[in-house]
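Scroll down for the structure; my scribbles are underneath it.
The values are calculated or read from the model by the stated rules, or taken from the named source; none is laboratory data. Bear in mind the structure is a predicted one, so any value in this text is a computation, not a measurement. As a convention, Cβ positions derive from the backbone with ideal geometry for all residues, glycine included, and neighbour counts pool all protein chains shown. With ligands, DNA and RNA removed, areas are computed over all heavy atoms of the protein, side chains included. Shrake-Rupley method; radii C 1.70, N 1.55, O 1.52, S 1.80 Å.
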Amino acid sequence: MSEKEEVPPEVTKVLEAIAALSAIEDDAACTSAVSEILRRWPDLASELRQLREERVNALRNGKRTWPEIAAIIGGVTPERAQQISKGHSGYRREKAKEAKEAAAKAAAEEKPER
């Protein structure tokens, strides 16, 4: 989404809800509320991915091209848009990348200095 495009009100509401959490003055109440959201987050994220997949497929069935759908999603390639339509998440790729970087760092730390 470009800076000139308007942010959907639903996105604004989610961002406002997060800001409201920050505004909770009582540390215990804030911690409890944030923890509850984080406990639910895996299910919420899954629901959001499923909703996006369904809507991407609806766009495709409506004769939108992969480049058009990628532009709607924003920040992804047409190939990634197609992967999203099939339910492929980037989670595994990110975890694999993190593991590879951690292994490289550990290997670098094990090498003796000369």
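Annotations
- Qualifying residue in region 7-17 (condition: within 21 Å of Gly90 (Cβ to Cβ), open to solvent by less than 80 Å² (accessible area, probe 1.4 Å) and in a helix (DSSP H, G or I)): yes
- Tyr91 meets the conditions (1) at pLDDT below 95; (2) open to solvent by less than 100 Å² (accessible area, probe 1.4 Å); (3) among the hydroxyl-bearing types (Ser, Thr, Tyr) in every case but one. The failed one is (2).
- For region 34-72, the candidate set comprises residues that are among the basic types (Lys, Arg), assigned to a helix (DSSP H, G or I) and without any contact (Cβ under 8 Å) to a residue 12 or more places away in the chain; within that set, the residue that is nearest to Gly87 (Cα to Cα) is Arg55.
- Residues of region 63-79 that turn out to be more than 24 Å from Glu6 (Cβ to Cβ) and crowded, with 16+ Cβ neighbours inside 10 Å, as a count: 1
- Qualifying residue in region 23-33 (condition: among the hydroxyl-bearing types (Ser, Thr, Tyr), exposed (fewer than 11 other Cβ atoms within 10 Å of the Cβ) and without any contact (Cβ under 8 Å) to a residue 12 or more places away in the chain): no
- When Leu59 is tested against the conditions (1) of a type in the set (A, V, I, L, M, F, W, C); (2) closer than 20 Å to Gly90 by Cβ; (3) open to solvent by 80 Å² or more (accessible area, probe 1.4 Å), the lone failure is (3).
- Hey, Ile84 under 16 Å from the mean Cα position of the chain (by Cα), open to solvent by less than 50 Å² (accessible area, probe 1.4 Å) and within 21 Å of Glu5 (Cβ to Cβ) or not: yes
- Of everything in region 34-56 that is of a type in the set (Asp, Glu) and open to solvent by less than 80 Å² (accessible area, probe 1.4 Å), the residue that is nearest to Glu10 (Cα to Cα) is Glu53.
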